[in-house]
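Report on one structure; see the data block that follows.
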């Protein structure tokens with residue numbers, strides 16, 4: 001078998017492959033076996049029809065067509081493997097020559113991962129924000145805790161912002177009550193804006209057993225986009241009474257005996273959270289630096305396929321929710337579908353570039369993935385998806401995503417190694433020690449390992465902010 005590879009561009013090649021007739025014996029055998037079980041010819045038992053009779057009955061051209069369709073994927077995969085071509089996506093195949101009992105020739109054009117020129121990665125530096133925990137940050141956390149221990153007391157007055165009301169709702173469209181358009185005894189915080197547009201204005205000022213009708217746009221269901229008339233009736237009004245901020249509150253809300261001890265603990269927890277955010281920020285800035293310094297051509301077909309896949313997946317989700325694109329864009333605060341598509345394309349291109357760069361670095365450094373790496377990532381991803389490691393692993397296998405998962409683990413490991421050798425300083429010039437981000441709940445013998453906090457360990461810090469509850473488990477425990 002002969003093959004040549006022609007570069008059509010930085011991310012696309014054409015494979016020209018010539019297959020001697022003798023190399024098609026396996027394909028012929030499989031095709032004839034399938035046809036013997038399909039055709040019924042008088043005088044021959046099922047499965048015992050000679051090849052020449054099958055050629056006569058089915059037609060030699062039809063047999064050759066099936067042989068070609070059977071052989072090309074196997075031959076193509078063998079050529080790709082032997083030449084170590086890093087293909088992306090499915091090839092465009094064209095049979096250029098087919099002579100019976102002589103030769104099969106075909107070409108395959110396919111997108112490939114680009115060959116990148118990597119810069120010197122020996123001295124990497126990034127700057128992150130300072131860790132600053134203000135008195136206002138601490139008091140905000142204390143306020144969140146007070147909210148949790150607040151009492152609701154019934155009052156005989158009109159509802160106002162901050163009150164909790166029990167309400168009945170009835171939605172009508174063209175005078176008819178909508179299916180599933182009524183409910184009773186719903187608890188709602190006035191002024192939260194969490195249910196439907198116009199509800200807060202309607203409830204505000206109503207006393208017990210008073211009603212008001214307002215108009216609001218339906219956001220989901222078969223009538224999404226239409227305007228319905230909603231009648232709200234207040235059944236009870238309760239105001240929130242916060243506990244006194246004193247030592248007794250500290251004892252009730254935590255394991256501490258004094259309010260000052262509680263404040264000190266909150267400050268420590270916030271500092272740890274912000275330190276984790278430093279690590280996540282360092283990871284993101286390191287990726288930004290790599291994308292700025294490495295020229296990465298992108299296969300356009302790859303981006304188009306991903307955009308199409310995501311749009312189809314989103315369309316299915318919207319359909320399940322009874323929404324259309326216009327309602328979704330309005331709810332998301334996006335100006336137009338064009339703006340949404342442009343932002344999505346930008347995110348996809350950055351993700352693709354990041355994968356290519358990390359793959360190239362992993363190849364250069366010969367980064368490998370072992371069972372410990374895979375097990376750690378499976379456990380981490382299973383926890384994030386709230387399932388057991390066994391369930392997550394089974395999901396990967398059933399979805400045929402094991403190869404991509406291994407590739408992602410390799411990229412994560414590569415980025416962790418880069419982050420380990422990067423000099424990280426804050427805005428004040430202080431060096432940030434990644435060792436401080438290592439979970440302290442790891443067994444003692446793990447301290448001798450060379451794996452610092454990985455990008456996956458820092459993912460939880462991406463969404464961490466000052467609104468996190470101060471009485472939640474600390475970051476060491478969560479890690």
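What is the residue count in the range 326-363 for residues that are farther than 25 Å from residue 300 by Cα and either assigned by TED's automatic domain parsing to the domain that holds residue 218 or part of a helix (DSSP H, G or I) (or both)?
Of the residues in the range 326-363, 7 are farther than 25 Å from residue 300 by Cα and either assigned by TED's automatic domain parsing to the domain that holds residue 218 or part of a helix (DSSP H, G or I) (or both).
Is there a residue being closer than 30 Å to residue 322 by Cα, modelled with pLDDT of 90 or more and not assigned by TED's automatic domain parsing to the domain that holds residue 322 anywhere in the range 128-150?
So far as the range 128-150 goes, no, none of its residues is closer than 30 Å to residue 322 by Cα, modelled with pLDDT of 90 or more and not assigned by TED's automatic domain parsing to the domain that holds residue 322.
Answer yes or no as to whether residue 390 is assigned to a helix (DSSP H, G or I), modelled with pLDDT under 90 and over 30 Å from residue 301 (Cα atoms). Talk me through it step by step, then tell me what you get.
On the way: assigned to a helix (DSSP H, G or I): yes; modelled with pLDDT under 90: no; over 30 Å from residue 301 (Cα atoms): yes.
No; evaluated as a whole, the condition is false for this residue.
What number of residues within the range 1-16 are surrounded by fewer than 12 Cβ atoms within 10 Å (Cβ to Cβ) and over 18 Å from residue 97 (Cβ atoms)?
The total comes to 1.
Quick check on the range 112-123. Is at least one of its residues more than 27 Å from residue 303 (Cα to Cα), more than 37 Å from the chain's Cα centre (by Cα) and either in contact (Cβ under 8 Å) with a residue 60 or more places away in the chain or in a helix (DSSP H, G or I) (or both)? Please lay out each step first, then the result.
Initially, the range 112-123 is screened for residues more than 27 Å from residue 303 (Cα to Cα), giving 120-123.
Then keep just the ones that are more than 37 Å from the chain's Cα centre (by Cα); that gives none.
Within the range 112-123 (the criterion being more than 27 Å from residue 303 (Cα to Cα), more than 37 Å from the chain's Cα centre (by Cα) and either in contact (Cβ under 8 Å) with a residue 60 or more places away in the chain or in a helix (DSSP H, G or I) (or both)), the answer is no, since none of the residues qualifies.
Taking the conditions exactly as written (surrounded by 15 or more Cβ atoms within 10 Å (Cβ to Cβ), touching a strand residue (DSSP E or B) at 6+ places or on another chain (Cβ under 6 Å) and free of Cβ contacts under 8 Å to residues at least 40 places away in the same chain), does residue 31 satisfy them or not? Write out each step before concluding.
Details: surrounded by 15 or more Cβ atoms within 10 Å (Cβ to Cβ): yes; touching a strand residue (DSSP E or B) at 6+ places or on another chain (Cβ under 6 Å): no; free of Cβ contacts under 8 Å to residues at least 40 places away in the same chain: yes.
In short, no.
Could you check the range 126-156 and list, in sequence order, the residues that are touching a helix residue (DSSP H, G or I) at 6+ places or on another chain (Cβ under 9 Å) and assigned to a strand (DSSP E or B)?
126, 127, 128
Residue 301 - would you say it is touching a strand residue (DSSP E or B) at 6+ places or on another chain (Cβ under 6 Å) and under 25 Å from residue 116 (Cα atoms)?
Numbers: touching a strand residue (DSSP E or B) at 6+ places or on another chain (Cβ under 6 Å): yes; under 25 Å from residue 116 (Cα atoms): yes.
It is true that residue 301 is touching a strand residue (DSSP E or B) at 6+ places or on another chain (Cβ under 6 Å) and under 25 Å from residue 116 (Cα atoms).
For residues in the range 233-243 being in contact with a helix residue (DSSP H, G or I) (Cβ under 9 Å, 6 or more places away or on another chain) and modelled with pLDDT under 95, which is surrounded by the fewest Cβ atoms within 10 Å (Cβ to Cβ)? If you could, list the steps in order and put the result at the bottom.
Residues of the range 233-243 that are in contact with a helix residue (DSSP H, G or I) (Cβ under 9 Å, 6 or more places away or on another chain), as a first pass: 234, 240, 242-243.
Checking the rest, the ones that are also modelled with pLDDT under 95 come to 240, 242-243.
Details: 240: 14, 242: 12, 243: 16.
Only one residue tops the list, namely 242.
Any residue in the range 41-61 that is surrounded by fewer than 11 Cβ atoms within 10 Å (Cβ to Cβ) sitting within a Cβ distance under 7 Å of a residue that is at pLDDT 80 or above and assigned to a helix (DSSP H, G or I)? List the pairs, counting only those 6 or more apart or interchain.
Hits for this filter: 47/36.
I need the full set of residues from the range 250-273 which are over 14 Å from residue 134 (Cα atoms), part of a helix (DSSP H, G or I) and either in contact with a helix residue (DSSP H, G or I) (Cβ under 7 Å, 6 or more places away or on another chain) or free of Cβ contacts under 8 Å to residues at least 12 places away in the same chain (or both), in order please.
Within the range 250-273, the first condition is being over 14 Å from residue 134 (Cα atoms), and the residues that meet it are 250-262.
Subset that is part of a helix (DSSP H, G or I): 250-253, 259-262.
Hits for the range 250-273 are 250, 251, 253, 259, 260, 261, 262.
Residue 19 passes all but one of (1) surrounded by fewer than 19 Cβ atoms within 10 Å (Cβ to Cβ); (2) more than 30 Å from residue 272 (Cβ to Cβ); (3) in contact (Cβ under 8 Å) with a residue 40 or more places away in the chain; (4) touching a helix residue (DSSP H, G or I) at 6+ places or on another chain (Cβ under 7 Å); which number fails?
Single failed check for residue 19: (1).
Output the residue which, of all residues in the range 87-104 that are modelled with pLDDT of 90 or more and buried (at least 16 other Cβ atoms within 10 Å of the Cβ), is nearest to the chain's Cα centre (by Cα).
Only one residue fits best here, namely 87.
The values are calculated or read from the model by the stated rules, or taken from the named source; none is laboratory data. Just so it is clear, the structure is predicted and the values come from calculations on it, not from any experiment. Neighbour counts run over all protein chains shown; Cβ positions are idealised from the backbone, glycine included.
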